[in-house]
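Participant: Attaching a single structure in structure tokens format; questions to follow.
Derivation of every value follows stated rules applied to the coordinates shown; laboratory data play no part. What you are looking at is a predicted structure, and each value in this text was computed from that prediction instead of being measured. Don't worry about glycine lacking a Cβ; one is built from the backbone with ideal geometry, like all the others, and counts go over all protein chains shown.
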Amino acid sequence: MNGSGNRDRLVNFFPRVKTEDDWGTEGEGDGTAIPAFAKVFYGRGSERREAAQAGSDQRATFNVLSSVQLRSADETWEIDYDGSRWAINAIVPIGQNRELDFTATRKGA
């Protein structure tokens, strides 16, 4: 088994699930949290400055070790990290299912 290396940030992945209240109204909610240790990359300084000047949303890439649960993730899932929710924009497998890169945008930023 591979160690986590410098994946030193604990993040939680949340699948989105359909819910129904007592009156039969359908909605969406969080599924069971899937914790993982991640390397978090915010991009180069110039990219962050350009985004700030343009009023763009903050983006980050979360690199995690691959697991069966995380390989089932899609762009409807969310990441909870550093007190914020992040909407997943892209998922890229690295190597032969050894790692996954999740690119996400901070929600409400």
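Participant: Stretched out fully, how many nm does the piece from Asp74 to Leu10 gain, at 0.36 nm a residue minus the Cα gap?
Facilitator: Working it through step by step, the gained length comes to 21.1 nm.
Participant: Find how much the distance from Phe41 to Ser84 grows on full extension, using 0.36 nm per residue of separation minus their present alpha carbon separation; answer in nm with one decimal.
Facilitator: 13.9 nm
Participant: Where does each of Ser72, Ser84, Ser66 land when they are ranked from fewest to most other beta-carbon atoms within 10 angstrom?
Facilitator: Fewest to most other Cβ atoms nearby, the residues stand as Ser72, Ser84, Ser66.
Participant: Count the net charge of all other residues whose Cβ sits under 10 Å from the Cβ of Gly27, scoring Lys and Arg as +1 and Asp and Glu as -1.
Facilitator: Values: positive: Lys18; negative: Glu20, Asp21, Glu26, Glu28.
Net of charged neighbours comes to -3.
Participant: Further, regarding this structure: How would you rank Trp77, Trp23, going from fewest to most other Cβ atoms within 10 Å of each one's own Cβ?
Facilitator: Trp23, Trp77
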